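What follows is a short report on a single structure.
The values are calculated or read from the model by the stated rules, or taken from the named source; none is laboratory data. The structure presented is a predicted model; accordingly, all values stated were derived computationally and were not measured. With ideal geometry, Cβ positions are generated from the backbone for all residues, glycine too; neighbour counts draw on all protein chains shown. These accessible areas exclude ligands, DNA and RNA; they are computed on the full protein's heavy atoms, side chains included. Shrake-Rupley method; radii C 1.70, N 1.55, O 1.52, S 1.80 Å.
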Amino acid sequence: MKRIIAIFIVVLFVTVTLSTVSADELDDLRREQEAIQKEMQQEKESLKSAEQQFTSLSEQVKYLEDQLSKVERELATLNKNVKDAEGLVILAEEELIQVENELQEKVDSFKERLKQIYQKGDVNFFEVLTESSSITDFLVRFELLKKIAEKDMELVEEIDRQRIIAEEKKEELEKKRDYVVLLKKQSEAKLAQLEAQKKEQQSFLAQVRQEKSVIERALAELEGDSEKLASRIRAIQVSRSGSGLTGPNGKFNWPTPGYTRVTSDYGMRIHPVLKTRRMHTGVDIGAPNGSSAVAGELGEVIYAGWFGGYGWTVVVDHGGDISSMYPHLSKITVNEGDIVARGQEVGKIGTSGLSTGPHIHFEVRENGDPVNPWSYLR
């Protein structure tokens, strides 16, 4: 009877609810979250400090874009980590179910064994001795009883091992669930930071569109950047006089395939806010953010990078002192020194630099100076 009571205690023990992650571990997660919040606050203070040190509008735009790209990359990494962690949780849940099923099978088997013991009654040493027909019979029976007892003990020990495994799996699962919660909070915080920085960038660009003093400063910077670019192109073309490119052969390919709406033409125009006549040195073509900007003709990429108010810019030299320019890109897809074919993508349409919306400011330059692009487009 004592043996049966002991076995029932084991069965009750293995069916007790398993423990979850400790309070200390949750405190660690909370401290990590607080550290992240502190880091984000420091980034905001750093942003305010940096803004006071800008010497040009284009520097401020570049800084805002860099910060935006940084947060977008961090958010993408966090979202990937959340997805990976959720996958680990699913895997841990499946493993826990498997372990608990195996444990339950062994508990059920042990319960059946208890039932058999109860129904048939326990056989003790005295019964084996008195009912044996000989010493040999006694030894055989005794050995059989010993093996049955060993099997019972092995089953109890296996149940105990499975119980420990199940406890470890459940604890591991709870930790992974807490980690997913932490990552999601970090992701939400980064998303809020991203939205705040987007609003800041939009607010700045609204100033560029609306405030006369800011507009005048922006236009002055663009004119200065245009002159710097002209000098740079001339210097590069002189150094590459033996490149083998002989100039455009016929009309250029349209720079924004599928999008032909001209939002601002080449030539003198009345500025909508300043109400003064200003020279517009290219053709602005509206196109969705991320759509392709393509080379107008065969040529070599002589510049690919950030260029002041023009933002992310690609310049292609076609030979014969003719070059074409593709500024305000969101992404550059070629490198300096690349030979690009007519109609080959050089970047993605965007609104980088001193720009107020996604478009391309397409320019053609002769000996570095901008000319009317229409004579090359039609």
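At a glance:
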read-out: Number of the exception - residue 144 against (1) modelled with pLDDT of 70 or more; (2) surrounded by 12 or more Cβ atoms within 10 Å (Cβ to Cβ); value: (1)
read-out: The one condition in (1) over 13 Å from residue 365 (Cα atoms); (2) among the small types (Gly, Ala, Ser); (3) open to solvent by 20 Å² or more (accessible area, probe 1.4 Å) that residue 286 fails to fulfil; value: (3)
read-out: Extreme residue, modelled with the lowest pLDDT, among residues of the stretch 86-110 that are surrounded by 18 or more Cβ atoms within 10 Å (Cβ to Cβ) and out of contact with any Lys or Arg (no Cβ under 6 Å at 6 or more places or on another chain); value: 110
read-out: Strands (runs of 3 or more DSSP E) lying entirely in the stretch 298-371 (those with 1 or more residues that are in contact (Cβ under 8 Å) with a residue 60 or more places away in the chain, open to solvent by 10 Å² or more (accessible area, probe 1.4 Å) and of a type in the set (Val, Ile, Thr)); value: 299-306, 322-332
read-out: Residue that is open to solvent by 70 Å² or more (accessible area, probe 1.4 Å), modelled with pLDDT of 70 or more and over 30 Å from residue 81 (Cα atoms), where the choices are 195, 154, 158; value: 154
read-out: Subset of the stretch 59-75 (residues that are open to solvent by less than 60 Å² (accessible area, probe 1.4 Å) and either among the aromatic types (Phe, Trp, Tyr) or closer than 27 Å to residue 188 by Cβ (or both)); value: 63, 64, 65, 67, 68, 69, 71, 74, 75
read-out: Any chance residue 115 is modelled with pLDDT of 65 or more, among the charged types (D, E, K, R) and open to solvent by less than 90 Å² (accessible area, probe 1.4 Å); value: no
